[in-house]
Amino acid sequence: MLNHAIKYEWLNLLRDRWVMILLILFLGITVFAVRNGKEKVEDRMATITKEKEKMVKLDRKMAADIDSLNKNLKPAPEAWKDPRALDNIGWNAPRVVAMDAQPLAVISTGQSDLFTHYAKPKIYGEAYTLGFSELSNPVQLLFGSFDLAFVCIYLLPLLVLGFSYNVLSSEKESGVLRLTLAQPISLYQWLFGKLLLRFFILTSIVVASILFSLTIFDIDWLGNRGAATKLILLVTVYIFFWFLISFLINLLGNSSGSNAVTLIAVWVVFVLLIPSIISQTANSFYPVPSRTIMIHEYREAKALAEKKADEILKTYYREHPEYAPKDTTQQNQYSWWLGNFAASDVINQSVQPVLDDYNEALNKQQSWVNRLRFLSPAILLQDGLNDLAGTSPAHYTDFRDQVIAFADTWRHYFIPRMFNNEKMQAEDFGSLPTHSYSSAQVPSHYPADLMGLLFFLTLTVAGSVWVYRRNSFENVLSV
Amino acid sequence: MLEAKQLSKTYQGKEALKPTSFTVNKGDIFCLLGANGAGKTTTINLFLNFIQPSGGQALIGGKDVVKEPIETKKLLTYIPENLMLYPNLTGLENLEYFSGLASKKYPKEEFLKFLTEAGLQAEAHDKRISTYSKGMRQKVGIALALAKDAQVLLLDEPTSGLDPKASNEFSELLTKLSKKGVATLMATHDLFRAKETGTHIGMMREGSLVEQLTTDQINHTDLEKLYLKHMN
Amino acid sequence: MILKIALKELKEIVREGRFRITAITLFALLLAALFVSKSYYTSVNAQHSEAKKNARSEWVEQGQKNPHSAAHYGTYAFKPKYPLSLIDNGVDKYTGVSIYLEAHKRNEAQYAAAQDQTALSRFGDLTPDFVLIFIVPLFIILIGFNAFTRERESGTLRLLKSQGVSTWKLTMGKWLGLFLPVLLIAIPVYVLAALFLANIKDYGQFSLWALTLLFGVYLIYYAVFINITLFVSSHFKKSNVAFVTLLGIWMVSCLAMPKISTAIADKLYPYPTQVEFEEQIAVDKKKGLDGHNPWNTEAKKLEEETLKKYGVDSVQQLPFNWDGFLMQEGEKHTADIYFKHYQLLKDTYVNQTNVYRSTAALSPFLPTRFLSMAICRTDYTSHWDFANAAENYRIELVGKMNGDMAANSKYGDWDYLADDKLWSSVPDFQYEPASYTTVIRQNTSNLITLLAWLLLSFAALYGAVTKMKTI
C-alpha cells in the first residue's frame, strides 16, 4: 500500500507548479553559496601560495648573495644586512607556517573570517605577541557569509516546512481527507508515507544540488568520499528532523494557516532564539576569562624579569654550559641576541603560569559552552559543518599552537648556532626547519554532533506517537 | 448489513444522537430525512468511525466499526456531500489511487469500465478533476463503489446541488447497485427522491429517530405531510 | 471612519489566540534581552574598569627609567561603552576593546570578544535589537498576512465594498490596526529601556534624545514592513500564498541581503591580510626615516640642517639631546607612514560602506541596522573614531617622552632616568565620542534610504489597493 501511495503522491507533486519553482530556486541558491565559499578559500590559498613563492625566491637570492660574498665578488654590506649573519636570516627570512584548507573547506566559513591562516614567526617575540586576528570589516563578521552552512542551517528547514506544512491540513481543507479516511487504512501510516516520500524527494534534490555545486566548482568530493558522506549524512538527518516536526504538528489536526504559523515559530525558536539566548547567557554566567587582566599580570611578570637582566645572562650560561663562549677572545657578533634569548627564556618561565592559567580557564569555558550545543539541532549542524570544513574554533586553536611550536623550533635552530658565533652558509638553506600542516590531532566533534541530531529525531518520533495516541479522528477531521 | 444498536453520541452535554436502533439489509436503500443538525450526519460519521459513540454500537456486516475499523471500511464506500478528489490527478488516476488504498487492483480497462458504468462520459476519464463538475465527481465516487465491490454505501446529501438530470442519473445508479445487493444508508433532504428510489425512510428530529417506515406504505403527498408534522 | 476600522481590526487581532501568545512571547523576549545584556555588560565593564586602572597604575608606577624606554613600555587605551550599546551591540563583539600604545608602532585594537568565544556566538546575541530588528517584523507578518486575504476568502470584502467603503480608507484602517499592536509593545519597552539605562551606574552618558531617535528609526522600519505586508496581502487570493511570500521577503531582507552585500563588498574592495598589511608598512619604514639608526640618509640630512640651524659642528654641541630629538622626528615619520596605510584601510572601508548603501535599496533591514548601530555608537565608524583618538594620544605621549629626553639629557647619556613626575604628567586617555549631529550627518544616506523605503512602500500600497480585485 505504501508503494501505491507513493506513486500517486509523486504524480501530485510533479504537477504542482510551486514545488518545481521552489526546488529550482534552491538549486540556484546552493550554487551561489558554494561559489561564495570557493572564492573565499581560493583567496586564502592564493595568498599563502604567494607567500611561499616569495620565501623560496628570497632563500635563493640570499644563498646566491652568500656565495658571492664568500667569493668576495661583492663588497660586504652592514652587519644587519649581511645574509651570512644568522640573526639576519632568523629575522628577515622566516618560514611560512600555513593552515591549508581542508578539501571541504568551502562548505562553511566558520571562524575563518576571524583569524589569519598563515604566520611568519621570527626569532624575536614572545608567544602572546603573535597576533592571529585577520584584518576585516567587522560588519562582514557581524552579518556573516552566504555559505553552504547558512543555506543548510537556515534555509533548508524552511524548504522542508514549505514542502510539508499542509500535508494533512490541505487534504482536510479541500475535503479529500474524508474519502481517504473512509478507506481501510491507518491515518498514521498513510501520513507518514506521504511525508516519507516528500522526504526522499527533497533529500535527493538537496543532495544532488550540493554535489552538483561542489562538482562545478572543482571540489574533489569523490576523492574525499569519507568527508562527503559525513556531510550528506549530517544534512540528511537534519532534513529528516524537520520533516518529523512537520509530521507532529500536522497530527494535531489544525488548519494549514495555523500549521504554517506554528512551524515558523518552531524554526524561530530552534534556529534564531535558542542559539542567541544560549550564547548570551553562557557568557553572562560563565564568562570568558579577561584577557586584559591576564596581560596586566603578564606585563608585571615581564617587568620583574627584565629588572634582573644582567643576572639573567650569567645564570643562562650556568644553565646552558654548551652555549658558553668557547673562544673568549673573539667578540660574539650576536651578543645582543644572546642576551635577548636568555632573558626571553627566563621571562617565559615566569609568565608561563599566567598564560597556562588563562588558557585553562578559557578552555574550560569553551568546553562548557560547547556542551550547550546539544540544545538545538541548528547549533549541532553548525558545529558538524565547521568540523568538516576545518574552520571550527578547535582548528584555529590548534593552528595557533602549531605556530607557537614552530616559532620555538625556529628559534632553537638558531640559538645554539648563534651562541657558537657561527655564520650562515648557502647549503644551510636546505636544512632550515620547515612546517607542514596537519589537522589530524584536532578533536573531532562530528560523531557527537551526529548523535545529538539523532537524539532530536528520537524525541520527535516519541512526541508524534504521543500526539497520535491522544488525538482521535474527531480532532483531525473536526467533524 | 448495517445495524445501529442503541447508538448514541453526546458532545459536551448536548445529545447529538439519542440512543437509536435501526437495520439496513442487503438491497435496502434507507433514507434518513431530517432538518440540519437533526443527527443524520452524526449517524453516518459514527458508522465511518470518524467519531466515537458515547453509547451503543454501529455494526457493518456484523462487525463493530470501532473494534474493527479496517475490516469494516473494506466493506463500505462513502460519498460525502461534496465529494472532493485530487485536482491534479485525472478521474482515472483518482479511481486507481483510492481503489489501491483499499487493496483493489485491476487492469486499466477494468477501471475505465467502472467509470463508464458509473455514467462518466469517456472523454472525461483522462481529464484532471479540476475540470469536473460536482455530478461528475460523484460518478467517480460511484465507480469507486463498483471497483471496491462495496456491500455498503454511505451517502450524505448526494443530490444537493445536482440539476434534475444528474439527480435522476444518480438515482438510477443507486437502484442498480441496490439490485446487486448493496445496502445503502442515505442522509437527504430530498423527499421526492427518497420516495422514488428509497426502500425505507427514517425521520430524525433533534437526535431521535421519530419515524420509521417503508416507502410502499406512503405516497408523496402524505410523506410530505408526515415530514412537516414531525418538524414542528 | 479610519479609526473605526482600525479599532475593529485591533479587536479581531487581539481576540485571536496567536496574537496573545506571540505578543506575550515578544514582550518577554525583549525584557529578557534587556536584563541579560545588562548583566553581561556589567561584568565586562567591571573587567574594563579594573583593566583601565591597572594600565594607568602600571604606567605611573613603572619606576625610574629612560623616557624612551617608558615609551616602549607603553600603555593601553580602552574603548568606553555607552548605555545604548545595551540595545544594539553592533560590531563591538568583533572589534577589540583596547589598543596597545607604544613607540614606533601603531597597533590594532586587541581582544575582540568573538575570537575567544565558540562558533555559537556567530548565531548572534539576544540583545534587544536582535528581537526588534528580526522578530518584530515576523510578528507584523504573522498578524497581518491575511489582512485582505481573509476578507476575500470569507466574502466580507464584497460586503464592505457594497457598503461604499473607500478602499484606501479601509487600508488605512487596517494599517492602523497593525501599527497599534506594534506600538503597544514598543512603547512599554521604550519606557522600560529609558528607566533602565538612565539608572545604570558607571556606564557613561545616557541620552534620552538618542534613545527616542533610535525608537523612531525602528518605528519607521516597522511602518515599512506593515506596508509590505498589506501590499502582499492585497495582491494574493489565498492566505497561505501571502504568508509564504511574506516569509520569503523577510528571509531575503533580513538574512540573505546582508550576507549577499558582504559578499559583494568583499569581492569588489577586499582587505589586505594582516601579514601583507604589516609587511607593506615595514617596507615603507625601511625606506623612510626610522629614528633608531643614525646612519639613515634622511637622518643625516636632518642632522646637517639642524647643525647649520644652530651653527654648531657636532650633535654633542646642540643645546638638547640629539637622540631624543631624532627619535621624535622618526616617530613623526613613522606615524605618517602608519597614517598613510591606515588611510588606505579606511578607504577600503568607505568603499565597502558605499556598497552597503547601494544594496540598502534592496532591503529595509540594512539602513535600519546601520542607523541603529550608529546611534548606539557601536558601528565601525565609532570604532575608527576611537582608534584615531587613541593614535593621537599615542603620538602625544611618545612626543612628551622624547621631548623630555631631548630637553633634559645630554647626547649619549643613556643613563638619564625620569620618574613618576613625568609619567603622571601625561593625562589619562579620555575619549569623547562624536556628537549626535555628526553621527546623523555621517548617516544621512541611510536615513534617506529608509525614508525612501517608507514613501515608496506607501505609494506601492496605494497603487495596489486602489486596483485591488474584490473577489
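The values are calculated or read from the model by the stated rules, or taken from the named source; none is laboratory data. On a predicted model such as this, the values are computed, not experimentally measured, just so you know. Backbone-built Cβ (ideal geometry, glycine too); neighbour counts: all protein chains shown.
Which fully enclosed helices (runs of 4 or more DSSP H) of region C:204-323 have 3 or more residues being of a type in the set (A, V, I, L, M, F, W, C) and under 29 Å from the mean Cα position of the chain (by Cα)? Full working, then the answer.
Details: elements: C:208-235, C:239-250, C:257-268, C:274-287, C:297-310.
Because the criterion is at least 3 residues that are of a type in the set (A, V, I, L, M, F, W, C) and under 29 Å from the mean Cα position of the chain (by Cα), the helices (runs of 4 or more DSSP H) in region C:204-323 that meet it are C:208-235, C:239-250, C:257-268, C:274-287.
Pairs only if they're at least six apart or on different chains, beta carbon under 8 angstrom, first in region C:227-250 and among the β-branched types (Val, Ile, Thr), second surrounded by fewer than 21 Cβ atoms within 10 Å (Cβ to Cβ) and assigned to a helix (DSSP H, G or I); list them, first residue then second.
Here the result reads C:Ile228/C:Ile249; C:Ile228/C:Ser457; C:Val232/C:Thr245; C:Val232/C:Ile249; C:Val244/A:Gly162, each pair linking region C:227-250 to a residue that is surrounded by fewer than 21 Cβ atoms within 10 Å (Cβ to Cβ) and assigned to a helix (DSSP H, G or I).
Restricting to region C:91-107, give me the number of residues that are out of contact with any strand residue (DSSP E or B) (no Cβ under 7 Å at 6 or more places or on another chain), in contact (Cβ under 8 Å) with a residue 24 or more places away in the chain and facing another protein chain (nearest Cβ under 7 Å).
Adding up the residues that qualify gives 1.
Being within 21 Å of C:Tyr356 (Cβ to Cβ) and away from chain A (no Cβ under 11 Å) is true for just one of C:Val191, C:Val252, C:Val232, C:Val217. Which residue is that?
Working: C:Val191 fails: within 21 Å of C:Tyr356 (Cβ to Cβ); C:Val252 fails: away from chain A (no Cβ under 11 Å); C:Val232 fails: within 21 Å of C:Tyr356 (Cβ to Cβ).
Just one listed residue meets the conditions, C:Val217.
Cβ-Cβ under 8 Å, sequence separation 6+ or interchain: first residue in region C:21-48 and more than 15 Å from A:Ala282 (Cα to Cα), partner outside any helix (DSSP H, G or I) and among the hydrophobic types (A, V, I, L, M, F, W, C). Which pairs?
Here the result reads C:Leu29/C:Leu126; C:His48/C:Phe78; C:His48/C:Val97, each pair linking region C:21-48 to a residue that is outside any helix (DSSP H, G or I) and among the hydrophobic types (A, V, I, L, M, F, W, C).
Of all residues in region A:133-161, which are in contact with a Leu (Cβ under 6 Å, 6 or more places away or on another chain) and under 30 Å from A:Arg469 (Cβ atoms)?
A:Leu161
Is it the case that some residue within region A:454-463 is within 14 Å of another protein chain (Cβ to nearest Cβ) and either part of a helix (DSSP H, G or I) or modelled with pLDDT under 90 (or both)?
Quick first cut of region A:454-463, residues within 14 Å of another protein chain (Cβ to nearest Cβ) only: none.
Checked against the condition, which is being within 14 Å of another protein chain (Cβ to nearest Cβ) and either part of a helix (DSSP H, G or I) or modelled with pLDDT under 90 (or both), region A:454-463 yields no hits at all.
Going by the conditions given, is A:Leu179 facing another protein chain (nearest Cβ under 9 Å) and in a helix (DSSP H, G or I)?
Values: facing another protein chain (nearest Cβ under 9 Å): yes; in a helix (DSSP H, G or I): yes.
So A:Leu179 passes the test.
Going by what's in this entry, would A:Ser335 be described as closer than 19 Å to A:Tyr286 by Cα and either within 17 Å of the chain's Cα centre (by Cα) or without any contact (Cβ under 8 Å) to a residue 60 or more places away in the chain (or both)?
Working: closer than 19 Å to A:Tyr286 by Cα: no; either within 17 Å of the chain's Cα centre (by Cα) or without any contact (Cβ under 8 Å) to a residue 60 or more places away in the chain (or both): yes.
No; evaluated as a whole, the condition is false for this residue.
Looking at region C:125-136, can you tell me whether even one residue there is crowded, with 24+ Cβ neighbours inside 10 Å, in contact (Cβ under 8 Å) with a residue 12 or more places away in the chain, of a type in the set (A, V, I, L, M) and more than 10 Å from chain A (Cβ to nearest Cβ)?
Scanning region C:125-136 turns up at least one residue that is crowded, with 24+ Cβ neighbours inside 10 Å, in contact (Cβ under 8 Å) with a residue 12 or more places away in the chain, of a type in the set (A, V, I, L, M) and more than 10 Å from chain A (Cβ to nearest Cβ).
Tell me, yes or no, whether region B:133-154 has at least one residue that is surrounded by fewer than 21 Cβ atoms within 10 Å (Cβ to Cβ), without any contact (Cβ under 8 Å) to a residue 60 or more places away in the chain and on the phi > 0 side of the Ramachandran plot.
yes
Could you please let me know if C:Lys8 is of a type in the set (D, E, K, R), within 30 Å of A:Ser255 (Cα to Cα) and either in contact with a helix residue (DSSP H, G or I) (Cβ under 7 Å, 6 or more places away or on another chain) or in a helix (DSSP H, G or I) (or both)?
yes
Going through region B:88-108 one residue at a time, which ones are more than 16 Å from B:Ile129 (Cα to Cα), within 8 Å of another protein chain (Cβ to nearest Cβ) and crowded, with 19+ Cβ neighbours inside 10 Å?
Start the filter on region B:88-108 by keeping residues that are more than 16 Å from B:Ile129 (Cα to Cα), which leaves B:99-108.
Checking which are within 8 Å of another protein chain (Cβ to nearest Cβ) leaves us with B:100-103.
Within region B:88-108, B:Gly100, B:Leu101, B:Ala102 qualify.
Would you point out the residue of region C:43-68, among those that are in a helix (DSSP H, G or I) and more than 10 Å from chain A (Cβ to nearest Cβ), that is nearest to the chain's Cα centre (by Cα)? First the steps, then the outcome.
Of region C:43-68, the ones in a helix (DSSP H, G or I) are C:43-60, C:67-68.
Within this subset, residues satisfying the condition of being more than 10 Å from chain A (Cβ to nearest Cβ) are C:45, C:49, C:56, C:59-60, C:67-68.
Values: C:Asn45: 18, C:Ser49: 22, C:Arg56: 27, C:Trp59: 30, C:Val60: 33, C:Pro67: 37, C:His68: 36 Å.
Going through the qualifying residues, I end up with C:Asn45.
Given the criteria within 12 Å of chain A (Cβ to nearest Cβ) and in a helix (DSSP H, G or I), does C:Leu120 qualify?
Working: within 12 Å of chain A (Cβ to nearest Cβ): yes; in a helix (DSSP H, G or I): yes.
Yes.
This table checks each residue for (1) aliphatic (A, V, I, L, M); (2) buried (at least 17 other Cβ atoms within 10 Å of the Cβ).
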| position | (1), (2) |
| --- | --- |
| C:Gly144 | no, yes |
| C:Gly155 | no, no |
| C:Val191 | yes, no |
| C:Phe196 | no, yes |
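Hey, which of the helices (runs of 4 or more DSSP H) in region A:195-310, taking only ones fully inside, have at least 2 residues that are under 30 Å from A:Ser350 (Cβ atoms), in the same structural domain as A:Glu39 (by TED's automatic domain parsing) and of a type in the set (A, V, I, L, M, F, W, C)?
Values: elements: A:225-251, A:256-267, A:274-285, A:291-307.
Of the helices (runs of 4 or more DSSP H) lying wholly inside region A:195-310, those with at least 2 residues that are under 30 Å from A:Ser350 (Cβ atoms), in the same structural domain as A:Glu39 (by TED's automatic domain parsing) and of a type in the set (A, V, I, L, M, F, W, C) span A:291-307.
Going by the conditions given, is B:Leu17 farther than 28 Å from B:Thr116 by Cβ and either modelled with pLDDT of 90 or more or within 14 Å of the chain's Cα centre (by Cα) (or both)? Before the answer, list the steps.
Working: farther than 28 Å from B:Thr116 by Cβ: yes; either modelled with pLDDT of 90 or more or within 14 Å of the chain's Cα centre (by Cα) (or both): no.
No.
For region C:1-24, what are the residues that are farther than 11 Å from C:Leu180 by Cα and of a type in the set (Asp, Glu)?
Within region C:1-24, C:Glu12, C:Glu16 meet the criteria.
Can you tell me which residue in region B:161-184 is farthest from B:Met1 (Cα to Cα), limited to those that are aliphatic (A, V, I, L, M) and touching a residue at least 60 places away in the same chain (Cβ under 8 Å)? Can you show your working first?
First, the residues of region B:161-184 that are aliphatic (A, V, I, L, M): B:162, B:166, B:173-174, B:177, B:182-183.
Narrowing the set further to residues that are touching a residue at least 60 places away in the same chain (Cβ under 8 Å) leaves B:174, B:182-183.
Details: B:Leu174: 17, B:Val182: 9, B:Ala183: 7 Å.
Among them, the one singled out is B:Leu174.
Those residues that are farther than 14 Å from C:Ala119 by Cβ and without any contact (Cβ under 8 Å) to a residue 12 or more places away in the chain, I need them from region A:358-384; list them, please.
A:Asn359, A:Glu360, A:Asn363, A:Lys364
Considering only helices (runs of 4 or more DSSP H) fully contained in region C:346-445, which possess at least 1 residues that are modelled with pLDDT of 90 or more and within 21 Å of C:Gly90 (Cβ to Cβ)? Show your work before the answer.
On the way: elements: C:365-375, C:380-408, C:420-425, C:436-442.
In region C:346-445, the matching helices (runs of 4 or more DSSP H) lie at C:365-375, C:380-408, C:436-442.
Please find, among A:Phe341, A:Phe285, A:Phe374, the residue that is hydrophobic (A, V, I, L, M, F, W, C), modelled with pLDDT of 85 or more and out of contact with any Pro (no Cβ under 7 Å at 6 or more places or on another chain). Give the steps one after another, and end with the answer.
On the way: A:Phe341 fails: modelled with pLDDT of 85 or more; A:Phe285 fails: modelled with pLDDT of 85 or more.
One residue alone meets the criteria, A:Phe374.
Out of (1) within 13 Å of chain C (Cβ to nearest Cβ); (2) closer than 26 Å to A:Ala282 by Cα, what's the single condition that is false for A:Val403?
(2) is the only condition that A:Val403 fails.
Would you check if A:Asn386 is facing another protein chain (nearest Cβ under 10 Å), in contact with a helix residue (DSSP H, G or I) (Cβ under 9 Å, 6 or more places away or on another chain) and surrounded by fewer than 24 Cβ atoms within 10 Å (Cβ to Cβ)? Lay out the reasoning, then the answer.
On the way: facing another protein chain (nearest Cβ under 10 Å): yes; in contact with a helix residue (DSSP H, G or I) (Cβ under 9 Å, 6 or more places away or on another chain): yes; surrounded by fewer than 24 Cβ atoms within 10 Å (Cβ to Cβ): no.
So A:Asn386 fails the test.
Listed here are the residues, each with its yes/no results for (1) crowded, with 20+ Cβ neighbours inside 10 Å; (2) charged (D, E, K, R).
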| residue | (1), (2) |
| --- | --- |
| C:Val14 | no, no |
| C:Leu26 | yes, no |
| C:Ser37 | yes, no |
| C:Asn45 | no, no |
| C:Glu61 | no, yes |
| C:Ser98 | yes, no |
